[in-house]
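Enquirer: Sharing a structure below in structure tokens format, with a few things to ask.
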Amino acid sequence: MTFTASLSLSRGTATISIAGELDASTAPRFHEKVEEAVRSGIDRLEIHASELTYISSAGLRSLLYAQQKMGTGGVIVLIGATGPVETVIRTAGLDRSIEMSDR
Amino acid sequence: MIAGVRKMDRIRIPASVEHLSQVATFITALGSRGHLTSQATYRLRLAADELVTNIAMYAATSPPGEIVLQGDVEDDKVWVAVANEGPRFDPRVMRKDRVPDPARTGQIGGLGLFLVFEAVDEFVYEFTDGVNRSTFSVRRESPPGK
């Protein structure tokens, strides 16, 4: 199962780029990056997902974790999610609290 | 094997999330055989993934038990069955009638099984002789010439 996640931090904003397939076997790698980002005290988390080809509830849990840890003052933006990946995120209702952006 | 009867697709995997790639391969091949759209294959895969993950996470034994996946293509649908030995667990108890709001409620449990029921067109559960068996399907578009 191919999955990559990279993290960069800059002035209160964390950017995580994810690609490949995010399921229960690969989700720990994503969760690690999310935890590291949240620990650094960010107020904005951008997740670039244009190269994500698959997501299951395991990946959604990490997004929910970030949302809970960052609290109401934090902003999470999911960028570039398309097709079935976007559909899963919206079906789970995550688009109510996470901003979805094309770019 | 009886002549003229094709053997359905079947795999047996340990009940561990480390084997989800085998589930993906199995479903992709089945979807291809059934000429499913990529979206329909995704839905079938997601359902299988979530059920297998649920078994691996919540019916865990040491060493891990096994999960059997079977599937086949019919005129109007592609179906998959996920079976495991263990205590009775009916996934339909987690079925919800409205879109969850996990970010607001903090209720994450059950999200995977919720997605199963959103993904599939049919779902049947049976518990027989100590085996849980969930059978689900997605509809096929009419194949060319049929």
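Enquirer: If you roll a 1.4 Å probe over the heavy atoms of the protein chains, what accessible area per residue do you get for chain A, in Å²?
Expert: On the way: 4710 Å² over 103 residues.
Here the residues of chain A average 46 Å² of exposed surface.
Enquirer: Please name which of A:A49, A:G71, A:L60 has its Cα lying farthest along the dipole of chain A towards the positive end, using unit charges on Cβ (Lys, Arg +1; Asp, Glu -1) and the Cα centre as origin.
Expert: The one lying farthest along the dipole's positive direction is A:G71.
Enquirer: Taking the Cα centre of the protein assembly as shown as origin, sum charge times position over the Cβ atoms of Lys and Arg (+1) and Asp and Glu (-1), and report the length of that vector in debye to the nearest 20.
Expert: Details: 28 positive and 31 negative charges, 26 e Å.
It works out to roughly 120 debye.
Enquirer: Report the Cα centroid-to-centroid distance between the range B:48-72 and the range A:56-103 in angstrom, as an integer.
Expert: Centre-to-centre (Cα) distance: 27 Å.
Enquirer: Rolling a 1.4 angstrom probe over the protein heavy atoms, how many square angstrom per residue are accessible across the range B:1-93? Write down the numbers at each step before the final one.
Expert: On the way: 4960 Å² over 93 residues.
Accessible surface, normalised per residue, equals 53 Å².
Enquirer: Roll a 1.4 angstrom probe over the protein heavy atoms and tell me the percent of accessible area of the range A:1-90 that is carbon or sulfur.
Expert: Values: 1770 of 3880 Å².
Its accessible area is 46 percent carbon and sulfur atoms.
Enquirer: With a 1.4 Å probe and all protein chains in place, put A:R29, A:R61 in order of accessible area, largest first. Working shown, then result.
Expert: Working: A:R29 110, A:R61 75 Å².
Reading off the accessible areas and sorting them downward yields A:R29, A:R61.
Enquirer: Just to be sure I understand: if you take the accessible area of chain A alone plus chain B alone and subtract the pair, with a 1.4 Å probe, what total do you get in Å², rounded to 100? Spell out each step's value before the answer.
Expert: Details: alone 5740 and 9000 Å², together 12700 Å².
By this definition, chains A and B bury close to 2000 Å².
Enquirer: Still on this structure, I have one more. So which residues in the range A:83-97 end up with at least 50 square angstrom less accessible surface once the other protein chains are there, compared with the chain by itself, probe 1.4 angstrom?
Expert: With the partner chains in place, the range A:83-97 has these residues losing at least 50 Å²: A:P84, A:T91, A:A92, A:R96.
Enquirer: Next question. When all protein chains stay in place, what accessible area (Å², nearest 10, 1.4 Å probe) is found for A:M70?
Expert: Looks like 30 Å² after rounding.
Enquirer: Continuing with the same structure: Ignoring any ligand, DNA or RNA, what whole percent of the accessible area of the range B:21-70 comes from carbon and sulfur when the probe is 1.4 angstrom? It would help to have the intermediate numbers written out before the result.
Expert: Numbers: 1230 of 2180 Å².
Reported share for carbon and sulfur atoms: 56 percent.
Enquirer: Taking the simple approach of a point 7 Å from Cα along Cα-to-Cβ for both A:D102 and B:E126, what is their distance in nm?
Expert: Those two pseudo-labels are separated by 4.9 nm.
Enquirer: Tell me, which residues of the range B:50-74 get at least 20 Å² less accessible area when the other protein chains come in, versus the chain alone (1.4 Å probe)?
Expert: B:E50
The values are calculated or read from the model by the stated rules, or taken from the named source; none is laboratory data. Treat the numbers as computed from the prediction; the structure is a model and nothing was measured. When we count neighbours, we look across all protein chains shown, and the Cβ atoms used for this are built from the backbone with ideal geometry, even at glycine. For the accessible areas, the whole protein counts, side chains as well, though only heavy atoms, and no ligand, DNA or RNA atoms are used. Shrake-Rupley method; radii C 1.70, N 1.55, O 1.52, S 1.80 Å.
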